[in-house]
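S.K.: Below is one structure. I have some questions about it.
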Amino acid sequence: MKKLLLFLILLLPLGLAAQTLTQTIRGTVVDSESKFPLIGVSVSVSLEDGAIIGTVTEVDGTFRLEEVPVGRQTVNLTYLGYEPAILNNIIVSSAREVILDVEMEESVAELQEVTVVAQRDGEVRNEMATVSARQFSVEETDRYAGSRGDPGRMASNFAGVQGADDSRNDIVIRGNSPQGVLWRLEGVNIPNPNHFAIPGTGGGPVTILNNKYLANSDFFTGAFPAEFGNSVAGVFDLRMRNGNNEKHEFSGQLGFLGTELLAEGPISKENKSSYLLSYRYSTLQLFTFMGIDVGTDAIPQYQDAAFRLNFPTKKGGNIAFWGLGGISDINIVLSEAEAPDTTTLIFGSNDRDQYFGSTMGVAGVTWTQPTNENTYIKVTGSASYQKVDAYHDYIFRHVEDGQFVVDSLPQILGYSFAETKYSLYGFVNHKINRRQTLKAGLNVDYIGMNYLDSVRVVTLNPEPDPAALTDWRIRWDANEGAILLQPYINWKYKASERLTLTAGLTSLYFSINNNSFSPIEPRVGMSYDLDEASKLSFGYGLHSQILPGYLYYYGYETVGDDPQEHNLNLGLQKSHHLVLGYERLLGKSFRLKAETYYQYLFDIPVEVESSSFSLLNSGSGFSRFFPDTLTNTGTGRNYGVELTLEKFFSDGYYFLITGSVFDSKYEGSDGVLRNTVFNGRYAFNGLFSKEFTFNKGSALNIGAKVTYTGGRWYGPVDLDESQKQLEIIWEDEGAFTQQFPAYFRVDAKLSYRWNRPKVTHEFAVDFVNVFDRENILTLTFAPEHPQGPIVEEYQLGFLPIFFYKLDF
């Protein structure tokens, strides 16, 4: 820590001695409803010395502001008949042009100048959302301590959202399973965008996404508009940005989590087409190639890439080709250990060698076209692929003279799960008049599913016996396909300058069986401005979601080599979600927001035979589920109150304080009302950051995050059965009646950014779990551990994560 502070102090003169540097801010302004370019919009930046740099938009809606000083700037946009837009805290650096895509909303009051009120930071881009929605910026994924540039970890700072596991970025929204989160990119549903993703989960240890190519995007936590289907918990609606279409720019980053390269620039300056390319390689793997010891032999190996090729067309249209993907592998080889080790593993078991790999990729083309001043069309087609492979070798060994001697390594597990998806998404958005907008669309997915899995069991006699391995049992052997169809229509009505109403209908059909059809799902919303500083909001929605594909085809029993698939007729899981919110601006820089919600979940898969099992407790961690015969008769309910106090970045600092008090319960087929595993009952987050600037452009940022949440729930362990199965087996009676201690963690972040002519440097380090607190994750079966066989497994300890970035 002392060496790091000394390094940053030595860098300060680089900022203090720098000459006054400037950069260009340019972009495009369009109508928020029709996406038609706006001509003659006044765009300006007010400097600290009182000077104003201003311009107006051209016939195609473009604008350019030259020689804007580097540092944080505010861009003001005004246009007769439209609500003003104020873009705060735009970071202007010497290396890269700032390119803004701005949408302005037409005022209900005709042809009159409206009072300029600062835009509320974080307001969602989707015009149909009224509650439980927030826009997040690329800067936020970097700014928040502990976020590591990851949208999932960043979102865990918001009210009602918690991280599920320090080693992963799964998020729990209002007590719901992470499995209920939907990921969308450019309008289409995409596979789990994380490395080392386990089937049926929504997260992973390392994100494939990179905030350097993402545009500002939306995050929803409930009662979302009708265009979002196939989710009962929350939605990430992601967008990719275009590359610079006038000059070539490059970025390189070296960090603990990856070595990255990014390039962007014009394909044709005349046609204003552009490219954007990104690639990242696992830095830990790079360290091993260089002979650097990182403290473990199980080195996660991963790499990912993304691209976007953008081609403007006539009359404001656009065609973009885009894609992203990643591959990852990890080999946890314990048979090579020379001596007994008492360490428990977060990513594996102590009695076997494990080999795991995952692949994810999606590519598509998006066409956008305004047809006139009131209507635009958007169509996206894509293809995606996700595959997980794993196999395990059991370690039979004995100890001689304090050293391990391996007797044999028979394979006991092998599986390969793959899903291929072809998607088509399109909508028409029509602004009927100043008050009304209509949006109708269709989302179609064809999902090809290929699941293979075989296992055999090591039996005790009374010790593990190589001669007593059971025969192989095939649990999955499926090669099937099904269509997911989701039409929708949304209507927005501005009844007055203060009152906005939204209504929508959607439907969800999954052709896998006759039970997966939700014919009508209504969505309604309301937003009412009490005055210029406060508003009330309301939202309701009926939502549904299909199950993870592999659950339909699991064979609980096998006859010969034929797994008996007994869950093929499972239907959709559904929920009613009701939200009431209040928001108030406290001066120019503060916002207070409160929301209360109630969610009733029904048609939840539970076991046919009386038990405590419910799918609501799945979706996080590194394990699949192996349920008995299921039926859609389970229920659940979540309710709570959330509070957010936020200071927007001004005067060199910001903070975000969130708190939620909630209750999350469910009923299995035994009819007992229990806590869900995620029912921590309370969650509090505090974020703070202070920025010290030098000559306006260079900046030292010091930030911290404090998290305090209720512990997860678990139950008593069936020790006899655990010893037979060589893994934790929970007793059904008493499930989720015991709670782990509260989770507490403090993170810190230190970064320094300095500008030189045409080059920007940034060095940052995240200190994860500063006080090295031992937060319990779960219990694990470790018979060789001196405190075994049931051992507490802990979350991550103190971990510094650094990066150095160079833009030019």
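The values are calculated or read from the model by the stated rules, or taken from the named source; none is laboratory data. The structure presented is a predicted model; accordingly, all values stated were derived computationally and were not measured. Note that each Cβ is placed from the backbone with ideal geometry, even for glycine, and that neighbours are counted across all protein chains shown. For accessibility, only protein heavy atoms count, side chains too; no ligands or nucleic acids. Shrake-Rupley method; radii C 1.70, N 1.55, O 1.52, S 1.80 Å.
S.K.: Please state which of the following conditions Leu568 fails to meet, knowing it meets all the rest: (1) part of a loop (DSSP other than H, G, I, E, B); (2) open to solvent by less than 10 Å² (accessible area, probe 1.4 Å); (3) not hydroxyl-bearing (Ser, Thr, Tyr).
M.R.: The number of the failed condition is (2).
S.K.: All but one of (1) of a type in the set (Phe, Trp, Tyr); (2) assigned to a strand (DSSP E or B); (3) within 20 Å of Leu185 (Cα to Cα); (4) at pLDDT 95 or above hold for Phe228, so report the exception by its number.
M.R.: (2)
S.K.: Still on this structure, I have one more. Could you tell me which residue of region 625-684 is surrounded by the most Cβ atoms within 10 Å (Cβ to Cβ), considering only residues that are charged (D, E, K, R) and within 23 Å of the chain's Cα centre (by Cα)?
M.R.: Glu642
S.K.: Right, Gly481: in contact (Cβ under 8 Å) with a residue 12 or more places away in the chain, under 17 Å from Met128 (Cβ atoms) and open to solvent by less than 50 Å² (accessible area, probe 1.4 Å) or not?
M.R.: Answer is no for this residue.
S.K.: Right, here's the next one. I'm told Val791 meets every condition in (1) over 18 Å from Gly149 (Cβ atoms); (2) hydrophobic (A, V, I, L, M, F, W, C); (3) at pLDDT 90 or above except one. Can you identify the failing condition by its number?
M.R.: Every listed condition holds for Val791 apart from (3).
S.K.: Where in region 454-529 are there strands (runs of 3 or more DSSP E), lying wholly inside it, with at least 1 residues that are at pLDDT 95 or above and either hydroxyl-bearing (Ser, Thr, Tyr) or out of contact with any Lys or Arg (no Cβ under 8 Å at 6 or more places or on another chain) (or both)?
M.R.: 473-494, 499-510, 517-529
S.K.: May I ask you to verify whether Tyr376 is open to solvent by less than 20 Å² (accessible area, probe 1.4 Å), part of a strand (DSSP E or B) and either under 23 Å from Ala305 (Cα atoms) or in contact with a Gly (Cβ under 9 Å, 6 or more places away or on another chain) (or both)? It would help to see each step written out before you state the result.
M.R.: On the way: open to solvent by less than 20 Å² (accessible area, probe 1.4 Å): yes; part of a strand (DSSP E or B): yes; either under 23 Å from Ala305 (Cα atoms) or in contact with a Gly (Cβ under 9 Å, 6 or more places away or on another chain) (or both): yes.
For Tyr376, the condition - open to solvent by less than 20 Å² (accessible area, probe 1.4 Å), part of a strand (DSSP E or B) and either under 23 Å from Ala305 (Cα atoms) or in contact with a Gly (Cβ under 9 Å, 6 or more places away or on another chain) (or both) - is met.
S.K.: Something else about it: Give the residues of region 61-75 that are buried (at least 17 other Cβ atoms within 10 Å of the Cβ) and part of a strand (DSSP E or B), sorted by residue number.
M.R.: Across region 61-75, the qualifying residues are Phe63, Leu65, Val68, Pro69, Gly71, Arg72, Gln73, Val75.
S.K.: A further question on this structure: Please give the strands (runs of 3 or more DSSP E) falling wholly within region 394-447 in which 3 or more residues are modelled with pLDDT under 95 and open to solvent by less than 60 Å² (accessible area, probe 1.4 Å).
M.R.: 403-408, 411-431
S.K.: Further question on the same structure: Out of the strands (runs of 3 or more DSSP E) lying entirely within region 611-679, which hold 3 or more residues that are in contact (Cβ under 8 Å) with a residue 40 or more places away in the chain and not aliphatic (A, V, I, L, M)?
M.R.: 630-650, 653-667
Results for (1) buried (at least 17 other Cβ atoms within 10 Å of the Cβ); (2) modelled with pLDDT of 95 or more; (3) in a loop (DSSP other than H, G, I, E, B); (4) in contact with a Gly (Cβ under 8 Å, 6 or more places away or on another chain), shown as yes or no for each residue.
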position	(1), (2), (3), (4)
Leu254	no, no, no, no
Glu260	yes, no, no, yes
Ile267	no, yes, no, no
Glu270	no, no, yes, no
Asp297	no, no, yes, no
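S.K.: Test of understanding: among Asn216, Asn211, which residue is surrounded by fewer than 22 Cβ atoms within 10 Å (Cβ to Cβ), within 19 Å of Ala133 (Cα to Cα) and modelled with pLDDT under 90? Please lay out each step first, then the result.
M.R.: On the way: Asn211 fails: within 19 Å of Ala133 (Cα to Cα).
Answer to the selection: Asn216.
S.K.: Next question, about the same structure. Scanning region 27-40 for residues that are assigned to a loop (DSSP other than H, G, I, E, B) and within 19 Å of Arg241 (Cα to Cα), which turns out most open to solvent (accessible area, probe 1.4 Å)?
M.R.: Result: Phe36.
S.K.: Of all residues in region 572-589, which are open to solvent by less than 70 Å² (accessible area, probe 1.4 Å) and within 26 Å of the chain's Cα centre (by Cα)?
M.R.: Hits for region 572-589 are Leu572, Gln573, Lys574, Ser575, His576, His577, Val579, Gly581, Glu583.
S.K.: Continuing with this model, one more query. Output the residues belonging to region 101-111 that are among the aliphatic types (A, V, I, L, M), touching a strand residue (DSSP E or B) at 6+ places or on another chain (Cβ under 9 Å) and surrounded by fewer than 19 Cβ atoms within 10 Å (Cβ to Cβ).
M.R.: Start the filter on region 101-111 by keeping residues that are among the aliphatic types (A, V, I, L, M), which leaves 102, 104, 108-109, 111.
From what is left, the residues that are touching a strand residue (DSSP E or B) at 6+ places or on another chain (Cβ under 9 Å) are 102, 104, 108.
Within region 101-111, Val108 is the sole residue that qualifies.
S.K.: Please verify whether Leu687 is of a type in the set (A, V, I, L, M, F, W, C), in contact with a Leu (Cβ under 7 Å, 6 or more places away or on another chain) and open to solvent by less than 20 Å² (accessible area, probe 1.4 Å), treating the condition exactly as stated. Reasoning before the result, please.
M.R.: Details: of a type in the set (A, V, I, L, M, F, W, C): yes; in contact with a Leu (Cβ under 7 Å, 6 or more places away or on another chain): yes; open to solvent by less than 20 Å² (accessible area, probe 1.4 Å): yes.
It is true that Leu687 is of a type in the set (A, V, I, L, M, F, W, C), in contact with a Leu (Cβ under 7 Å, 6 or more places away or on another chain) and open to solvent by less than 20 Å² (accessible area, probe 1.4 Å).
S.K.: Same structure again: When Arg184 is evaluated against the numbered criteria (1) surrounded by 21 or more Cβ atoms within 10 Å (Cβ to Cβ); (2) touching a strand residue (DSSP E or B) at 6+ places or on another chain (Cβ under 8 Å); (3) part of a loop (DSSP other than H, G, I, E, B), which criterion, by number, is the only one it fails?
M.R.: Of everything listed in (1) surrounded by 21 or more Cβ atoms within 10 Å (Cβ to Cβ); (2) touching a strand residue (DSSP E or B) at 6+ places or on another chain (Cβ under 8 Å); (3) part of a loop (DSSP other than H, G, I, E, B), Arg184 misses just condition (3).
S.K.: A further question on this structure: Please tell me if Ala197 is part of a loop (DSSP other than H, G, I, E, B), at pLDDT below 95 and either open to solvent by 10 Å² or more (accessible area, probe 1.4 Å) or farther than 27 Å from Ile330 by Cα (or both).
M.R.: No.
S.K.: Please work out which residue is most open to solvent (accessible area, probe 1.4 Å), limiting yourself to region 714-758 and to residues that are assigned to a strand (DSSP E or B) and under 19 Å from Ser156 (Cβ atoms).
M.R.: Filtering region 714-758 down to residues assigned to a strand (DSSP E or B) leaves 714, 717, 730, 738-739, 743-756.
Checking the rest, the ones that are also under 19 Å from Ser156 (Cβ atoms) come to 743-749.
Details: Tyr743: 38, Phe744: 68, Arg745: 24, Val746: 23, Asp747: 3, Ala748: 26, Lys749: 22 Å².
In this case the residue turns out to be Phe744.
S.K.: Condition first: open to solvent by 10 Å² or more (accessible area, probe 1.4 Å) and over 27 Å from the mean Cα position of the chain (by Cα). Now tell me which residues in region 526-553 satisfy that.
M.R.: Tyr528, Asp529, Leu530, Asp531, Glu532, Ala533, Lys535, Leu536, Tyr553
S.K.: Would region 146-153 turn up any residue that is assigned to a loop (DSSP other than H, G, I, E, B) and at pLDDT 90 or above? Spell out the reasoning first.
M.R.: Taking region 146-153 first, the residues assigned to a loop (DSSP other than H, G, I, E, B) are 146-150.
Now narrow it down to the ones that are at pLDDT 90 or above: none.
Looking through region 146-153, none of the residues is assigned to a loop (DSSP other than H, G, I, E, B) and at pLDDT 90 or above.
S.K.: Would you pick out the residues in region 41-60 that are in a loop (DSSP other than H, G, I, E, B) and closer than 23 Å to Arg125 by Cα? It would help to see each step written out before you state the result.
M.R.: In the first step, residues of region 41-60 are kept if they are in a loop (DSSP other than H, G, I, E, B); the result is 41, 47-51, 57-60.
Of everything in region 41-60, those that are in a loop (DSSP other than H, G, I, E, B) and closer than 23 Å to Arg125 by Cα turn out to be Val41, Thr57, Asp60.
S.K.: Of the residues that make up region 468-485, is at least one under 30 Å from Lys535 (Cα atoms) and of a type in the set (A, V, I, L, M, F, W, C)?
M.R.: Looking for residues that are under 30 Å from Lys535 (Cα atoms) and of a type in the set (A, V, I, L, M, F, W, C), one finds none in region 468-485, hence no.
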